[in-house]
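Report on the structure given below.
The values are calculated or read from the model by the stated rules, or taken from the named source; none is laboratory data. Small disclaimer: the values here were computed from a predicted structure and weren't measured. Don't worry about glycine lacking a Cβ; one is built from the backbone with ideal geometry, like all the others, and counts go over all protein chains shown. For the accessible areas, the whole protein counts, side chains as well, though only heavy atoms, and no ligand, DNA or RNA atoms are used. Shrake-Rupley method; radii C 1.70, N 1.55, O 1.52, S 1.80 Å.
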Amino acid sequence: MQARKLAVEGAIEFTPRVFPDDRGLFVSPFQEEAFAEAHGSPLFPVAQTNHSMSKRGVVRGIHYTVTPPGIAKYVYCARGRALDIIVDIRVGSPTFGKWDAVLMDQRDFRTMYFPVGVGHAFVALEDDTVMSYMLSAGYVAQNELALSALDPALGLPIGTEVEPILSDRDQVAITLAEAERQGLLPDYATSVELERQLTGVSLSA
């Protein structure tokens with residue numbers, strides 16, 4: 001499995017080896033040894049898994065969790081094709097305001113690790129696109145917040161080929177600048193400490 005650090009501090013893209021044959025294929029989207037080597041510690045204890053299906057043009061996010069408690073994620077596309085996007089919204093981070101994107105599909109089966117405190121969005125590029133997540137904590141509705149994926153200051157690669165389809169919640173989400181002004185964003189140092197507590201290993205830059 002190949003690993004690549006992304007433009008957002010602490011985020012990692014993984015590309016597993018795919019084994020095709022006349023029956024189909026076999027792939028292992030998560031491998032503990034490769035993850036620990038790239039990340040510096042094992043994956044968090046998995047508290048919940050999520051599964052979403054979206055039609056082409058659906059944009060989900062930018063979603064994030066109040067920190068603390070914060071949540072780390074490991075994400076892959078189990079079916080279809082999506083552009084998965086990470087946004088650094090941690091105030092004080094060396095990459096605050098930056099984003100990166102990974103094309104997830106059924107050819108390369110790339111995956112992405114989202115550290116505690118960042119924002120997550122994706123664009124479904126095909127009908128019936130399935131995204132699968134491993135999470136470090138369970139869903140608590142009041143802890144889940146959203147930022148606008150169409151925030152012009154961020155300039156996320158949403159695309160114009162299809163009219164974006166957003167939930168009511170995401171349509172009215174505020175910009176990154178407004179969230180910062182209201183004090184709604186995670187703190188970088190706190191996020192790093194919470195992530196360290198997940199594995200007991202120091203992740204400080």
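Quick rundown of the values:
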{"quantity": "Filter result (small (Gly, Ala, Ser) and either assigned to a loop (DSSP other than H, G, I, E, B) or touching a strand residue (DSSP E or B) at 6+ places or on another chain (Cβ under 9 Å) (or both)) within region 163-183", "calculated": "SER167, ALA173, ALA179, GLY183"}
{"quantity": "Test: residue in region 114-126 that is of a type in the set (Gly, Ala, Ser), within 11 Å of the chain's Cα centre (by Cα) and not in a strand (DSSP E or B)", "calculated": "yes"}
{"quantity": "Verdict on THR95 being closer than 28 Å to LEU184 by Cβ, over 13 Å from the mean Cα position of the chain (by Cα) and either open to solvent by 30 Å² or more (accessible area, probe 1.4 Å) or modelled with pLDDT of 95 or more (or both)", "calculated": "yes"}
{"quantity": "Any hit, region 146-162, residues being more than 15 Å from ILE86 (Cα to Cα), touching a residue at least 12 places away in the same chain (Cβ under 8 Å), in a strand (DSSP E or B) and open to solvent by 20 Å² or more (accessible area, probe 1.4 Å)", "calculated": "no"}
{"quantity": "VAL102 vs. criteria within 21 Å of PHE35 (Cβ to Cβ), in contact with a helix residue (DSSP H, G or I) (Cβ under 7 Å, 6 or more places away or on another chain) and β-branched (Val, Ile, Thr)", "calculated": "no"}
{"quantity": "Filter result for PRO68 (touching a helix residue (DSSP H, G or I) at 6+ places or on another chain (Cβ under 7 Å) and either open to solvent by 30 Å² or more (accessible area, probe 1.4 Å) or over 23 Å from ASP128 (Cα atoms) (or both))", "calculated": "yes"}
{"quantity": "Those residues of region 132-145 which are in a loop (DSSP other than H, G, I, E, B) and open to solvent by 60 Å² or more (accessible area, probe 1.4 Å), in sequence order", "calculated": "TYR139"}
{"quantity": "Test: residue in region 38-49 that is open to solvent by 30 Å² or more (accessible area, probe 1.4 Å), part of a strand (DSSP E or B) and touching a residue at least 12 places away in the same chain (Cβ under 8 Å)", "calculated": "yes"}
